[in-house]
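Presented below is the structure to which this report refers.
Just so it is clear, none of the values below were taken in a lab; they were calculated from the coordinates. These figures come from a predicted structure and were not determined experimentally. As a convention, Cβ positions derive from the backbone with ideal geometry for all residues, glycine included, and neighbour counts pool all protein chains shown.
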Amino acid sequence: MKFLAVLCLILIAFAFAAANNHGCNNQPCGQGRICHTLRGFCSCVEIQKCKDVELFSKIMNQWEVDGKVFTQYDVSISNNLDADISQIYIGTDASLTLRDYASIWNVNRLPNGELTLPGYQPSINKNSTYTFGFILKGNTSANLAILATVFN
């Protein structure tokens with residue numbers, strides 16, 4: 001149990017560090033821009049909203065424990081572009097009522113509540129899909145919306 005607590009703290013530290021790195025060469029990129037590294041070169045690029053990237057959620061399981069209902073969802077991000085997505089930001093609200101802190105996987109939750117790709121999944125290839133999941137309290141689905149994408 002102590003190992004899991006330490007592992008969670010380490011993962012939180014990495015997520016926080018990644019979430020706060022919005023600049024290039026220790027210089028902030030400015031409003032509406034984000035740092036993007038390609039082939040070892042860092043540059044600030046505009047965050048772009050994209051209609052060709054879609055979210056689909058699906059109920060995978062639902063159960064009740066001691067009178068409390070829990071629902072497991074898989075969420076697929078479909079990249080219908082002819083370019084790879086190098087970063088994506090997904091907005092959430094109070095409807096993302098996780099069962100507990102460990103009830104979300106294959107995605108990073110930033111301190112402001114937004115979701116983004118984890119470090120081990122640096123991009124979503126063109127014309128492909130990436131899936132993450134979570135377990136919510138209750139049977140009401142979470143409101144998720146793509147806020148911005150950065151693509152090559």
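Here are a few things to note about the model shown:
- In terms of surrounding Cβ atoms within a 10 Å radius of their Cβ, Tyr120, Tyr101, Tyr130 rank from fewest to most as Tyr120, Tyr101, Tyr130.
- Close amide-amide hydrogen proximity is noted between Gln87 and Val150, each under 5 Å apart and 5 or more residues distant or on a separate chain (H modeled in the peptide plane; Pro and chain starts excluded).
- For segment 101-128, backbone nitrogen atoms closer than 18 Å to the point 7 Å from Asp84 Cα along Cα-to-C-beta are found at 117-128.
- Around the amide H of Gly138, modelled in the peptide plane, lie the amide H atoms of Val69, Phe70, Thr71, all under 5 Å away and 5 or more residues distant in sequence or on another chain.
- Using 0.36 nm per residue and subtracting the Cα-Cα separation, the extra length available between Lys137 and Asn125 on full extension is 1.1 nm.
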